[in-house]
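Below is one structure; the comments refer to it alone.
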Amino acid sequence: MLSAVSASVAESILPKTGALGTLVARLKHTLPDLPYDYNALEPYISADIMKLHHQKHHQTYVNNLNAAEEQLAEAMHKDNINQIIKLQPVLKFNGGGHINHSIFWEVLSPNGGGEPTGDLMHIITRDFGSFDRMKEELTNVTVAIQGSGWGWLGYNPNSFRLRVAALPNQDPLQPTTGLIPLFGIDVWEHAYYLQYKNVRPDYVKAIWNIVNWNAVSERLAAAKQCS
């Protein structure tokens with residue numbers, strides 16, 4: 001049986017062309033293209049950071065995930081329970097890194113920033129009182145993460161409400177908490193240190209200038225259909 005994270009990666013990123021086990025065995029995960037140039041998010045995120053973050057760090061998660069899934073398929077074929085269990089942390093870390101970053105690139109835009117509109121703004125106001133209160137809450141929990149991790153705005157498909165959450169390392173939001181990810185802020189040092197040094201709050205503050213609210217709204221609409 002595939003881990004929850006491995007299954008989530010395959011279901012959310014790869015095309016559905018057959019049984020999950022067959023799909024994982026035949027296809028490899030690939031690094032998604034950015035929807036903008038590496039320098040497009042300047043001055044908020046530098047081209048050097050974006051290139052390193054995308055080409056090196058995200059690519060590493062993809063490579064390691066593919067390798068781990070090949071090892072998992074072999075272990076399953078051999079019914080090697082010890083090896084299957086041993087691979088779970090590797091799948092969670094690299095699968096989560098691939099999921100998280102694939103979302104991250106999409107919810108940023110050189111034409112972003114400002115405030116959302118329509119249904120997204122209505123639900124934010126309903127669940128947090130105001131956009132500014134949501135922004136403050138997400139900023140605070142993200143800045144406060146000890147070490148590396150992610151701050152998230154997610155949708156709870158059971159209560160039909162938005163929630164803010166913070167997770168360590170590359171833990172993926174949905175398999176970990178049940179929340180469907182709408183917008184995430186990466187606070188691993190490789191996401192900001194070349195430009196912001198150790199001043200994480202300045203980086204998190206800058207992110208709000210490049211949020212792609214159209215993409216976040218689309219993710220909310222899709223999440224509501226899954227409820």
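The values are calculated or read from the model by the stated rules, or taken from the named source; none is laboratory data. All values reported here derive from a predicted model rather than from experimental measurement. FYI the Cβ positions are ideal-geometry reconstructions off the backbone, even for glycines, and counts take in every protein chain you see. Areas reflect the complete protein model, heavy atoms only, side chains present, ligands, DNA and RNA absent. Shrake-Rupley method; radii C 1.70, N 1.55, O 1.52, S 1.80 Å.
Computed with every protein chain present, the accessible area of Tyr193 is close to 100 Å² [probe 1.4 Å]. Computed over the chain with a Gaussian network model linking Cα atoms closer than 10 Å, the most mobile of His101, His58, His190 is His190.
Available extension along the chain between Trp208 and Lys86 is 40.0 nm, counting 0.36 nm per residue and deducting the alpha carbon span.
Short-range pairs are left out: with C-alpha atoms under 8 Å and at least six residues apart, the relative contact order of segment 47-107 is 41 percent. A 1.4 Å probe run over the protein chains yields, for the chain, 49 Å² of accessible area per residue, whole-number rounding.
Rounded, prolate or oblate for segment 31-163? Axes are the square roots of the Cα gyration tensor eigenvalues, ordered a ≥ b ≥ c, and the cut-off for rounded is a/c under 1.5.
Values: a/c = 2.53, a/b = 1.52, b/c = 1.66.
Oblate is the answer for segment 31-163, as a/c is 1.5 or above yet b/c matches or exceeds a/b.
Bridges between two residues of the chain, per DSSP, are antiparallel at a rate of about 100%. Please list, by residue number, everything in segment 91-113 whose backbone N is under 17 Å from a paramagnetic label point 7 Å out along Cα→Cβ of Ala40. What the label zone holds, given the 17 Å backbone N cut-off, is 101-113.
Across segment 140-148, coupling constants 3J(HN,Hα) worked out from phi with the 6.51/-1.76/1.60 Karplus curve, θ = phi - 60°, read 5, 5, 6, 4, 7, 4, 7, x, 9 Hz, and Gly and Pro carry x. Label-to-label distance for Asp48 and Thr117 is 3.8 nm, based on points extended 7 Å past Cα in the beta-carbon direction. Comparing Gln174, Gln83, Gln195 in a Gaussian network model of the chain (Cα springs below 10 Å), the most mobile by mean-square fluctuation is Gln83.
Between Leu27 and Glu189, the FRET efficiency from the beta-carbon distance, with R0 = 35 Å, is close to 0.65.
Just checking the listed ones, Gly129, Gly149, Gly97: in the Gaussian network model of the chain with Cα springs under 10 Å, the one fluctuating most is Gly129.
Based on Cα contacts under 8 Å between residues 6+ apart, the chain shows a relative contact order of 23 percent.
With the cut-off at 1.5 for a/c, could you classify the chain from its C-alpha gyration tensor as rounded, prolate or oblate? It comes out prolate by the Cα gyration axes. Of the accessible area of the chain, computed with a 1.4 Å probe over protein heavy atoms only, carbon and sulfur atoms account for 50 percent.
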